[in-house]
Amino acid sequence: MRLTRAVIALVAACAAAALPTTPAAAATPAARVISGPSPVPQTGSLCSPLAGPIGRHNYEYQPSLAVSPGGGHRIAAAWAQDFDDAVVVGVSDDGGATWRRSVPGWDGRDPSSAAGFMACENGSAGLNSAHNPHVAVGKDGIVYAMADLLADPRPGAAVLLSSSADGGLTWRTPTVFATSRTAVENATTGAPTTTVGWTAIAVDPHRSGVAYAAWDVAQGDATTGLTGGTEYVAGTTDGGLSWSKPVAIGTPDGDRMWTGCTLLVRPDGSLLTVFNDSPVGGASGADTSIRVVSSSDGGTTWSPPVDVMPRQQVNRVPDAALSPDGSEVYVAWFDGWTDGMPFLSRSVNGGAFTTAPVVGAAPGTVQSLNVAVASDGTVGLLYNDMRHNPDSDHLITDVWLAQSPDQGATFAESHVAGPFDVAATSPVAGVGVGEWQGLRGAPRGFALAYTVVNPTGVSDPPVQAVQPSSVFSSNPTDIVFSRFTS
């Protein structure tokens, strides 16, 4: 994933008991393509496919997923469209059977006077690259969509959020929470140079119109170097019409920075933020701990940080989830920057976190890891791994779901999709399919949103075969939705 913050890094080991797995009994359910044809303009446009053997038109990835609290009818998904040209949001009001798609804040014109999340319409001088989309659905059905936009190739970024009260038919003008300030822009004022990126959003499960947004703010840039950074949080009580003044969740030590948060709201309305605490200017996730802070006053003040696990090597962004009653916190992560051994950490009633490696994914080959808890307390892990990768000339990955009925003590694994050759599809080496997926607990199981590769361009049903590196598809990827029962 493309993150506007320090590259964090390196080693250590986590000694803990292994979590055994048992064979899965459930068969893979039918999957439904939800991404559809690209809405990105291609003729006479500021938006155009990337030149080269692999284009980016109809390339979708980075799916996020949300289910309305309490098993409500509305489901929403968001994904990066045409690699980084736009963010598209899909909404379903019938359990995922049918979907309507839209681009928040875009007026539908080319050229556009209101680009919103159609980033490429901002042109070469603007914030023309969209990344890291996240979506949430409130108890009242309001849909929130958030992403960070980058200026490529010049420095610059912004964090945007929009909301829709009618299921994505119309969107409010996006709120710009934060923008990057370059050294040149601040030369006359002496203000610090900042970089913004990575977003998270969560709703209060019991209060209509209440939601919270979080994002990274780092000081420094490619010229001056990074000097620090933390997470900021803002809230709304009117469904996104207005937002509170952003508040930092805390101040890291002088040589550290806090990045890559996951935001959770307990049933009592209190907040939790899970994030990486890493060295400034590090690389590859070394010397990084996962920590959590809490707030009982809507994000106005935050507790001192508590360690989920001590410093070691950690992936770029951990994921976290709550049990239905909010008493248990689960954090999923792996011990590498882009792939590694999966781990699950758990805290009960505010107690210390216990951590154990998850057995069931091939050791050292997990590329993404998401966690959720179903309404019956079953813990789910959704991940891509490379257990079927034959050699260094390919990057063969599959999508898997592991379920635990006993708070993570044992897991049963189901094959979801694949194998796919990720190396054959991405317009940019090392970025694309399998970075992360969408997983949410639902009544009687889980809802999933994930990326599949289409070697022939056929998108319905999705093709689940290895794509040769020589094959180029006019529809290289799709976002797929499915459900699994617990």
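Any residue at all in segment 108-122 that's part of a strand (DSSP E or B), open to solvent by less than 10 Å² (accessible area, probe 1.4 Å) and closer than 25 Å to residue 370 by Cβ?
No, segment 108-122 contains no residue that is part of a strand (DSSP E or B), open to solvent by less than 10 Å² (accessible area, probe 1.4 Å) and closer than 25 Å to residue 370 by Cβ.
Of 267, 246, which residue is farther than 19 Å from residue 215 by Cα and open to solvent by 10 Å² or more (accessible area, probe 1.4 Å)?
267
For residue 137, work out the one condition from (1) modelled with pLDDT of 95 or more; (2) open to solvent by 20 Å² or more (accessible area, probe 1.4 Å) it doesn't fulfil.
Of (1) modelled with pLDDT of 95 or more; (2) open to solvent by 20 Å² or more (accessible area, probe 1.4 Å), only one is false for residue 137: (2).
Which one of these does residue 123 not meet: (1) of a type in the set (Gly, Ala, Ser); (2) touching a His at 6+ places or on another chain (Cβ under 6 Å); (3) closer than 17 Å to residue 158 by Cβ?
Going through (1) of a type in the set (Gly, Ala, Ser); (2) touching a His at 6+ places or on another chain (Cβ under 6 Å); (3) closer than 17 Å to residue 158 by Cβ one by one, residue 123 breaks only (2).
Checking residue 107 against (1) touching a residue at least 24 places away in the same chain (Cβ under 8 Å); (2) on the phi < 0 side of the Ramachandran plot: exactly one of these is not met. Which one?
So the condition that residue 107 fails would be (1).
In segment 123-135, how many residues are in a loop (DSSP other than H, G, I, E, B) and under 21 Å from the mean Cα position of the chain (by Cα)?
Residues that pass the stated criteria total 2.
Output the number of residues of segment 75-89 satisfying the condition of being at pLDDT 95 or above and not in a strand (DSSP E or B).
Selection size over segment 75-89: 0.
Is it the case that residue 187 is touching a Cys at 6+ places or on another chain (Cβ under 6 Å) and either at pLDDT below 80 or not in a loop (DSSP other than H, G, I, E, B) (or both)?
Criteria not met by residue 187.
Being modelled with pLDDT of 95 or more, among the polar types (S, T, N, Q) and open to solvent by less than 20 Å² (accessible area, probe 1.4 Å) narrows it down to one of 92, 102, so name that one.
Going through 92, 102 in turn, just one is modelled with pLDDT of 95 or more, among the polar types (S, T, N, Q) and open to solvent by less than 20 Å² (accessible area, probe 1.4 Å): 92.
Mind checking which residues of segment 354-411 are among the polar types (S, T, N, Q), at pLDDT below 90 and part of a loop (DSSP other than H, G, I, E, B)?
Selection gives 365, 389, 392, 410.
The values are calculated or read from the model by the stated rules, or taken from the named source; none is laboratory data. Quick caveat: nothing in here was measured; it's all calculated off a predicted structure. Quick reminder, even Gly has a Cβ in these numbers, built from the backbone with ideal geometry, and neighbours come from all protein chains shown. Areas reflect the complete protein model, heavy atoms only, side chains present, ligands, DNA and RNA absent. Shrake-Rupley method; radii C 1.70, N 1.55, O 1.52, S 1.80 Å.
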